[in-house]
Structure formats: structure tokens, C-alpha cells
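Take a look at the structure below.
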Amino acid sequence: MTSPLTLHNGETCAAGEVPLLAAAEFREEVLQAVEGGRRIAALFGRPAGGDRVRLAAVLANGAEGTLALTSADVEKSFHSLTPDCPQAHLFEREIAEQFGLVPEGHPWMKPVRFPRGGAAVTDFFRVRGEEVHEVAVGPVHAGVIEPGHFRFQCHGEEVFHLEISLGYQHRGVERAMIEGREARRIHLIETLAGDTSIGHAMAYARAMEALSGARVPARAQALRGIALELERLANHTGDLAALANDVGYLPTASYGGRIRGDFLNLTALLCGSRFGRGLVRPGGVRFDLDPTRAAELVERLDAATRDVGEAVNLLWETPSVMARFEETGSISREVCEQLGLVGPAARACGVGRDVRHEFPYGIYRFFQIPMSTWETGDVFARAHVRWLEIQRSIPFIREQVKALPEGPARADAAHPLEAGRLCVSLVEGWRGEICHVAMTDAAGRLAAYKIVDPSFHNWTGLAMALRGQQISDFPLCNKSFNLSYCGHDL
Amino acid sequence: MFDVLLARWNQGHRTVGFPASPPALPDRFRGRPEVDPSKCPAGCRDCAEACPTGAVRFDGPSPQERPHACPPLVWRGRTTDDPGGESPLVVRPRHTDGGPASGRAGEEEGEVRGGGPGVQIDLGRCLFCTDCVDACPQGSIAYTTDHRLATRAREDLIARPGEVLKLAAALDEKARRLFGRSLKLRQVSAGGCNACEADVNVLNTVVFDLGRFGIQFVASPRHADGLLVTGPVTDNMRLALRKTWEAVPAPKIAIAVGACAISGGPYVDHPEVHNGASCEVPIDLYIPGCPPHPVTILDGLLRLLGRLDAK
Ligand code: SF4
Ligand code: SF4
């Protein structure tokens with residue numbers, strides 16, 4: 001058996017260098033890698049001529065900071081990994097849906113996004129029994145949120161099982177990345193998950209830069225880091241406010257809702273858009289930070305820092321809040337590892353998973369933000385990890401603004417993409433690991449573009465967190481994950 | 001307890017002065033564009049080529065603009081393609097991309113629209129990304145910090161040289177008596193990116209305090225006076241949007257927020273989407289942007305209710 005090819009984050013290789021194994025070997029290889037501590041960062045197919053589909057796996061090893069790549073051609077069906085490797089389950093369903101392949105032995109073979117319509121028109125897992133009842137919620141929810149369908153199997157208040165059926169937001173992003181006009185690509189990326197515009201744009205920009213051999217000025221790297229951490233601050237603050245709201249604790253809910261906006265407005269100070277639209281572009285950033293603007297940013301950041309500290313600390317001091325947060329929606333470390341959860345959800349289970357540390361890129365190669373973990377895996381842990389991260393992102397931003405490297409914020413010329421190459425680009429978005437895999441064909445055109453939003457890994461985590469919980473705690477558990485529907489649905 | 005009171009004191013009163021005072025917007029904010037075709041060299045189409053969505057046009061729809069026909073929707077064995085219940089109270093400008101729109105006061109029927117040849121920007125498709133500005137060697141296009149963008153008719157969203165944008169007029173007297181002091185909206189998110197949703201939701205925070213205008217988002221369409229739609233309406237959300245619309249008791253209004261809901265936005269002409277909410281509901285108010293700034297949304301809502309001067 002050939003050993004898999006390993007890359008670092010943002011590195012490229014010739015597309016032909018990725019080992020092409022027999023299907024059985026590929027399966028063995030992936031299982032062994034996962035056994036040996038690797039995690040499936042991406043597992044996807046692409047047409048390989050005729051009826052053949054080439055499966056490719058990106059296997060991440062955080063301790064080593066390497067990404068192993070391997071592939072195999074399959075036709076009609078393949079032996080499912082899922083029974084031996086649960087974290088493959090949604091990837092295999094996606095492959096089955098996209099290519100009509102059958103993953104033999106997959107325990108729960110269902111559509112993922114319903115690309116041919118009829119979302120959630122499918123069989124759900126059912127618990128039978130006299131006092132068992134089913135609750136169906138969505139796609140249109142009570143709040144101002146994205147659509148998704150949740151099917152609970154309940155015994156009284158207790159949830160035995162939750163199944164989540166998505167796909168309502170499917171708008172063909174991956175397909176359009178390849179088939180559509182180039183001018184639209186960056187906008188598809190920025191709106192892939194609109195609250196993670198910076199995170200996804202960074203992953204895309206880095207992939208394009210690597211494939212074209214462009215060098216990104218140091219100043220742009222620092223500005224990207226500032227923007228990415230501002231995005232984290234805004235979203236984490238918003239999540240803590242929303243968690244407070246879900247337990248009816250209004251002081252933090254209302255202050256936090258406002259302070260989230262204060263952070264968003266800092267991103268708007270930088271680039272005019274609260275969501276960072278238009279900031280990150282291949283080659284650098286489109287807006288520079290002049291000294292006056294930098295001074296204003298720091299001043300407003302200081303004010304927001306004071307406010308957020310005061311607002312959030314009220315949570316930990318309020319027994320009625322803590323009573324709702326603690327031991328609600330717990331996930332064990334084992335389940336977290338098996339499902340391959342990422343981001344704050346994984347770190348809240350004591351699993352030190354953070355792309356900024358494991359696969360450092362850009363500015364994070366030179367400046368480290370301490371990793372934040374907690375052990376309990378419950379709503380409290382997911383809230384507390386966010387709070388720790390808020391406190392650690394702020395000094396990072398201050399430091400970057402102070403030590404902003406001189407020079408241009410964007411490389412001069414755009415280079416064409418090199419032919420026949422492949423790049424894996426990981427970024428730690430505020431929800432966790434963002435993975436983009438880009439590949440060019442012999443003419444230097446984009447031939448494959450695979451996107452894995454952190455939500456794709458984590459939705460199953462939410463379903464598991466609900467087991468044995470009161471159904472009335474669903475909003476709280478849901479908020480503690482705050483996953484993206486559109487990022488999942490693409 | 002003392003900490004709670006201290007925090008309350010420290011956090012102060014933070015509701016914006018808008019609409020009484022002008023909104024504080026960042027200097028790099030990209031609002032209403034202005035075009036000056038006098039600077040354009042003959043035949044230059046650089047801006048249109050750079051535009052991701054076909055929002056830049058010359059003398060009519062951009063060549064990138066293709067007519068989108070929604071296939072009929074089959075529901076409960078019925079094939080229906082007519083948007084649901086018409087309100088007898090509300091005079092609706094119907095979606096008439098490119099053609100003359102009803103409800104344009106002061107415009108004579110059959111009159112050829114002014115503006116003449118030259119670069120125009122369809123704000124319904126625009127992402128306010130300024131790629132066109134970067135592409136233009138002459139500086140013919142400029143994005144101002146003017147946040148006022150909402151209109152009542154699809155046609156009014158075309159920014160033409162030398163023309164002022166025809167901002168949204170208020171609902172008629174009868175509708176205003178119904179909704180003017182209390183408007184309950186159900187939000188439907190139909191395939192967008194969640195940024196429009198986020199900046200609609202932010203209106204509920206203490207910063208914008210939407211409740212002070214009597215506008216409220218409600219949990220059920222049965223409690224609502226209308227829908228606020230975001231997203232390009234994916235095929236998978238179309239039926240849900242239709243059902244939600246039909247569940248709102250008449251008379252009712254519909255509001256499209258964001259480029260997606262108006263035209264399909266960044267996903268315009270993807271086979272997976274239906275190019276905006278007008279495939280299912282008749283739109284009374286268009287609020288452009290990607291996403292629109294919360295102030296732009298609030299401005300649009302207040303104009304519709306006749307609570308802002310028509311300036
Ligand atoms: S700002 Fe609007 S018109 Fe200009 S390129 Fe972007 S989408 Fe097109
Ligand atoms: S209009 Fe833009 S911001 Fe709004 S949902 Fe669509 S892509 Fe997102």
C-alpha cells in the first residue's frame with residue numbers, strides 16, 4: 001500500500017500526486033488514519049469519466065499539522081466507512097446524493113440537501129410506543145432564522161431522538177464555482193455563510209493564492225487576522241446574548257445584542273460592510289487601515305471590551321442562568337471524537353481542536369492566540385469557551401493594529417492559476433474548521449471546488465446533545481451550537 | 001443584584017436617534033450609487049463585465065439578464081402558478097422587470113422613460129461590491145453613503161444618470177389605517193446567506209428598538225399582517241413560502257429584503273433558485289442591499305407606513 005500524500009495547510013501538490021488506491025485499500029487507509037488520530041476534514045467525490053467517481057479524502061492530523069490525501073475510483077457502489085467510522089456518515093450521504101452511488105452498509109442512507117426538490121420529504125427514524133409522540137418543527141421557524149426541519153421523538157418532555165433534515169438553503173454554490181462566471185466566485189464565497197464572510201473568503205483567497213503562486217504582503221495577513229477575530233468577537237458575543245435570551249436573562253441579552261453590533265461596526269469601519277463584504281480578495285485585502293482609522297478602531301474596541309466584560313460576567317454570577325446552562329445538552333469527549341466535531345463545540349468537550357494552532361496559517365504562524373478549552377461538554381462549556389475566546393481575540397487585535405507591518409495591503413498583479421494542481425485550505429472560522437479543496441485542470445481552470453463548513457461536521461453534535469434532554473431545552477441547545485444552515489446546504 | 005444595577009447604569013441608553021437625526025454610518029459604507037455617463041468612452045463595457053450579477057446595464061437589461069420563468073408549483077394535487085390572495089386594500093406595484101410599472105405617480109402611460117443612453121445600475125441586483133467602480137478607468141460610477149434605497153416598484157430600483165431614486169411611497173390611506181400604527185410581520189428566510197436575516201433581527205435590539213414604531217416580528221403567519229422575505233427562494237423553500245403566504249390573513253403585504261429576495265442576488269439564474277420572492281408573492285416594498293444596512297431596512301419600513309417624510 002502506498003503511503004498517503006501529506007500536505008500542510010495552504011500547500012499545493014500536483015493533482016496526479018494524490019495516491020489512487022483500489023476502493024478496498026482506500027477504505028482501509030481512511031480507517032487506519034482515523035484510528036491513528038487523524039480526522040476526516042473532507043471526503044468527497046468528483047466525476048472521473050464514464051460512470052466512475054473519484055472519491056478523495058482529506059485526513060487531518062492536528063498534532064503533526066499535516067493533511068493526508070488519498071483517493072480511489074468507484075462505480076455504482078462502495079463499502080461504506082460509516083459503520084466503522086461514524087464521522088464519515090454525512091459525507092457518504094452527500095456522495096450518494098450527488099452521484100447516485102450506494103455506500104453499502106451505510107446505516108442511515110438518506111438525502112442531505114434534496115437538490116432535486118422535496119426537502120424533508122423522507123422517512124424519519126421513529127420511536128414507537130404508546131406514550132411516544134413525534135414533534136415536527138420547521139422549515140419556517142418562530143424567529144428570524146434560517147429554514148431547517150427538526151423531527152423529535154419524545155416521551156413526555158424527554159427527547160429520545162432528534163433528526164435534523166436540511167437542504168432548504170441549497171442554492172448550488174459548489175456547482176456554480178466551477179460552471180459559473182469567475183466574477184461571481186468571490187461573492188458566492190462571501191455569501192456561503194453570510195455570518196462567516198471573512199472566514200470563507202480567507203480560505204478561498206488562500207487557495208487561489210497558493211494555486212497561482214501569489215505572495216501576500218505581510219500587512220494584508222495582519223489585516224485578515226484582525227478581520228477574522230472581529231468576526232469571531234461579533235458572533236461569539238451575539239451567541240452569548242442569545243443564550244441569555246433563551247433562558248430569559250434579559251440584561252445580558254439586551255446589552256450583548258447591542259455589543260455584537262459594536263463589533264460588527266468595527267468591521268464596517270475597516271471596509272464599509274458589517275459582515276466584511278469586499279475586504280478579503282486573492283492577493284490581499286481591498287481596504288487598508290490608515291493611522292487615524294487604526295486609532296479609532298482601538299478606541300472603540302476598548303469601549304466594547306469594557307461593555308462585553310460587564311455584560312457577560314453577569315451570566316456566570318446569576319444562579320438561575322447557571323442552573324439552566326450546566327449539565328444541559330452534554331456531549332462526551334468520546335462522542336465528540338467519533339463525530340469529528342470542530343470549533344468551540346469540540347473545544348467545549350476538552351478536545352483541543354483549533355486550526356489556528358494545529359495548522360497555523362498567515363498571521364497565526366507568527367502570533368499565537370492561546371487555545372480555549374473546557375471539559376464539561378454542556379451548554380455552559382460551549383458558552384464559556386466563547387467567552388474565553390472573546391478575551392483572547394481582543395489583545396490579539398490590539399497587538400496586530402499596533403504592530404501593523406508597513407507595505408502594501410494587496411499584491412499588485414493577479415496571476416493565473418497553475419494547471420493540474422490541488423490545494424487544501426483550512427481556516428478557523430468562529431464556528432470552527434472551514435475546509436476548502438480547490439483543484440485546477442490541465443488548462444489552469446478551476447475543475448473542482450469542495451467546501452466543508454464547520455456546521456457540516458457539527459449538526460450531528462446538536463442531535464446527540466438533545467438525547468435525554470427536555471424538548472423545551474432545544475432552543476438553548478441549538479443556540480449553544482448556533483450552526484449554519486446555508487453553510488451546510490451550500 | 002448590585003452588579004446587575006451597576007451594569008444597567010454603566011451600559012446607559014443606547015438607542016439610535018434615527019429617524020429623528022441622521023444615522024451614523026461608516027465613511028466606507030456603500031450606499032446609493034451615482035453614475036455619470038458623460039465620462040464613459042464610447043462602447044466601454046468594463047463595468048458591466050466586472051459585475052458579478054448583471055446589475056450594470058446600458059439602455060435596457062444587461063445581456064447577462066435572462067428571463068426567469070418559474071415552473072408551476074404543484075401543491076395538494078393542484079397546480080397553481082398565480083401568487084396567492086390579492087388584497088383588495090393595497091394597490092400593488094407588480095413585478096415588472098424592465099417594463100413600465102404601475103404605481104409610478106406622475107408618469108404618463110406609454111411614455112418612454114427618461115435618462116437616455118448610458119450606464120445604469122439595477123439596485124435590485126446590485127451587491128454593492130463596487131467591483132464595477134474598480135473596473136471603471138474613468139470614475140463614472142461612485143457609491144455614496146446615502147442609505148435610502150427602498151422603493152415600491154421593481155422598476156424604480158434602476159439607478160439612472162441624472163435621476164433621483166424614486167423612494168418608497170407610503171401605503172394608501174386605507175392600508176395605513178390598518179397597518180400604520182401596528183405592523184406585525186412574519187419573516188421567511190428562503191435560501192439566503194443569513195446576513196439579511198441577521199440585519200433584520202438586529203432591528204429588535206435596543207439599538208434600533210423596532211417596537212417603538214409599532215412594528216413587530218411574530219412567530220406565526222396567522223398573527224401577521226404580512227411577510228418579510230429574504231433569500232432568492234430556493235426550489236426547496238418555494239412551497240414553504242407559498243404556504244406561509246397563504247396562511248397570512250388578508251389584507252396583507254409583502255416585503256423583499258436584500259438582493260437575493262429581489263432578484264436572486266449572488267445566485268441569480270442558478271437553476272436551484274427562483275430569482276427572488278416575486279415568484280411566489282406580490283411585493284409591496286423592495287429593500288436593496290447585500291445585505292441592506294439595518295438603517296436602510298428601517299428607512300424602508302417607515303416610508304411604507306408613511307412615517308418618514310418623502311425626502
Ligand atoms: S456594485 Fe453592484 S453594479 Fe457594481 S459590480 Fe457590484 S453588483 Fe455590479
Ligand atoms: S442579499 Fe446578500 S446578504 Fe442578503 S441573503 Fe442574499 S446573499 Fe445574503
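Write down Rg/Rh for the range A:311-439, rounded to two decimals, with Rg from the C-alpha atoms and Rh from the Kirkwood relation over Cα pairs. Mind showing how you got there, number by number?
Values: Rg = 18.5 Å, Rh = 17.1 Å.
Here the Rg-to-Rh quotient is 1.08.
Within chain A, which cysteines find no other Cys whose Cβ is under 4.7 angstrom from their own?
Cysteines of chain A left without a disulfide-compatible partner: A:Cys13, A:Cys85, A:Cys154, A:Cys271, A:Cys423, A:Cys435, A:Cys477, A:Cys486.
By average Cβ neighbour count within 10 Å, what is the ranking of A:413-419, B:226-232, A:41-47 from highest down? Before the final figure, lay out each step's value.
Details: A:413-419: 14.4, B:226-232: 29.7, A:41-47: 20.7.
Result, highest mean Cβ count within 10 Å first: B:226-232, A:41-47, A:413-419.
Which value, to two decimals, describes the C-alpha radius of gyration of the range B:230-311 once divided by 2.2 N^0.38 Å?
Working: Rg = 13.3 Å, N = 82, 2.2 N^0.38 = 11.7 Å.
Relative to the 2.2 N^0.38 Å estimate, the range B:230-311 comes out at 1.13.
Could you list which residues have their amide H under 5 Å from that of A:Ser77, counting only those 5 or more apart in sequence or on another chain, with H placed in the peptide plane?
Correct list: A:Val102.
Please compute the alpha carbon radius of gyration of the protein assembly as shown, then divide it by the globular-protein estimate 2.2 N^0.38 Å. Two decimals is fine.
On the way: Rg = 25.6 Å, N = 801, 2.2 N^0.38 = 27.9 Å.
That works out to 0.92 for the protein assembly as shown.
How do B:Thr244, A:Thr237, A:Thr196, A:Thr82 rank when sorted from fewest to most other Cβ atoms within 10 Å of their own Cβ?
Working: B:Thr244 24, A:Thr237 29, A:Thr196 33, A:Thr82 19.
Listed from fewest to most nearby Cβ atoms, that is A:Thr82, B:Thr244, A:Thr237, A:Thr196.
To the nearest 20 Debye, how big is the dipole of the protein assembly as shown about its Cα centre, given +1 on the beta carbon of each Lys and Arg and -1 on that of each Asp and Glu?
Working: 87 positive and 98 negative charges, 296 e Å.
In debye, rounded to 20, the protein assembly as shown gives about 1420.
Starting from the Cα gyration tensor of the range A:23-165, multiply each eigenvalue by 5, take the square root, and state the resulting semi-axes largest first in whole Å. Mind dumping the intermediate values first?
On the way: eigenvalues 206, 69, 48 Å².
Ellipsoid semi-axes (Å, largest first): 32, 19, 15.
Pull out a ≥ b ≥ c, the square roots of the eigenvalues of the alpha-carbon gyration tensor of the range A:35-91, then state rounded if a/c is under 1.5, prolate if not and a/b is larger than b/c, and oblate in the remaining case.
Values: a/c = 3.00, a/b = 1.64, b/c = 1.82.
Taking the square roots of the gyration eigenvalues as a ≥ b ≥ c, the range A:35-91 is oblate.
Could you work out, residue by residue across A:186-192, how many beta carbons of other chains sit within 10 Å of that residue's beta carbon, and then give the average as an integer? All intermediate terms of the calculation are to be shown ahead of the outcome.
Details: counts 4, 11, 5, 1, 6, 14, 2.
Mean partner-chain Cβ count within 10 Å for A:186-192: 6.
Classify the range B:111-215 from the C-alpha gyration tensor, please: rounded if a/c falls under 1.5, else prolate or oblate depending on whether a/b exceeds b/c. Provide the component values of the computation, followed by the final result.
Values: a/c = 2.51, a/b = 1.51, b/c = 1.66.
Here the range B:111-215 falls in the oblate category.
Quick one: what Rg and Dmax do you get for the range A:173-453 from the alpha carbons, in Å?
Computed over the Cα atoms of the range A:173-453, radius of gyration and Dmax are 19.2, 63 Å.
If amide hydrogens are placed 1.01 Å from N in the peptide plane, which non-local residues have theirs closer than 5 Å to the one on A:Gly284?
The answer is A:Ala411.
For the pair A:Glu299 and A:Val121, what calculated FRET efficiency results from E = 1/(1 + (r/R0)^6), where r is the Cβ-Cβ distance and R0 = 60 Å, to the nearest 0.05? Can you show the working numbers first?
On the way: r = 54 Å, r/R0 = 0.89.
The calculated FRET efficiency here is 0.65.
Using θ = phi - 60° and the Karplus curve 6.51 cos²θ - 1.76 cosθ + 1.60, what whole-Hz ³J(HN,Hα) does each residue of the range A:206-215 get, with Gly and Pro shown as x?
3J(HN,Hα) across the range A:206-215, in whole Hz: 5, 5, 5, 5, 5, 6, 9, x, 7, 9.
Explain nothing, just compute: Karplus ³J(HN,Hα) = 6.51 cos²θ - 1.76 cosθ + 1.60, θ = phi - 60°, for every residue of the range A:282-289 in order, whole Hz, x for Gly and Pro.
x, x, x, 10, 8, 10, 9, 10
Which whole-Hz couplings ³J(HN,Hα) result when phi for each residue of the range B:278-288 is put into the Karplus expression 6.51 cos²θ - 1.76 cosθ + 1.60, θ = phi - 60°, listed in order with x for Gly and Pro?
So the J values, rounded to whole Hz, are 5, 5, 10, 10, x, 8, 9, 8, 10, 10, x.
Kirkwood hydrodynamic radius, the range A:190-267, all distinct C-alpha pairs: what's the number in Å?
Over the range A:190-267, the inverse of the mean reciprocal pair distance is 13.9 Å.
Assuming a ≥ b ≥ c are the square roots of the Cα gyration tensor eigenvalues, decide whether the range B:197-264 counts as rounded (a/c under 1.5), prolate (otherwise, with a/b larger than b/c) or oblate.
Details: a/c = 2.28, a/b = 1.28, b/c = 1.78.
It comes out oblate by the Cα gyration axes.
Within a 10 angstrom radius of the beta carbon, how do A:Lys479, A:Lys76, B:Lys184, B:Lys166 rank from fewest other beta carbons to most?
Numbers: A:Lys479 23, A:Lys76 12, B:Lys184 17, B:Lys166 20.
Result, fewest neighbours first: A:Lys76, B:Lys184, B:Lys166, A:Lys479.
Of all alpha-carbon pairs in the range A:5-104, indicate the percentage at a distance above 19 angstrom. Working shown, then result.
Numbers: 1833 of 4950 pairs.
It works out to 37 percent of all Cα pairs.
For A:Gln469, enumerate residues with amide H under 5 Å from its amide H, sequence gap 5+ or separate chain, H modeled in the peptide plane.
Those lying under 5 Å, H to H, from A:Gln469 are A:Val159.
Taking the alpha-carbon distance from B:Lys174 and a cut-off under 29 Å, which lysines remain once sequence neighbours fewer than 8 residues away in the same chain are dropped?
B:Lys174 reaches B:Lys166, B:Lys184, B:Lys243, B:Lys252, B:Lys311.
Roughly how many nanometres apart are two label points built 7 Å out from the Cα toward the Cβ at A:Cys13 and A:Glu418?
1.4
Along Cα→Cβ, 7 Å out, is where each label goes; now give me the distance between the ones at A:Ala442 and A:Arg306 in nm to one decimal.
It works out to 6.6 nm between the two label points.
Coordinate-derived values only; no laboratory data. Because the structure is a prediction, the values reported are computed rather than measured. Every residue, glycine as well, gets a Cβ built from its backbone with ideal geometry; the counts of neighbours run over all protein chains shown.
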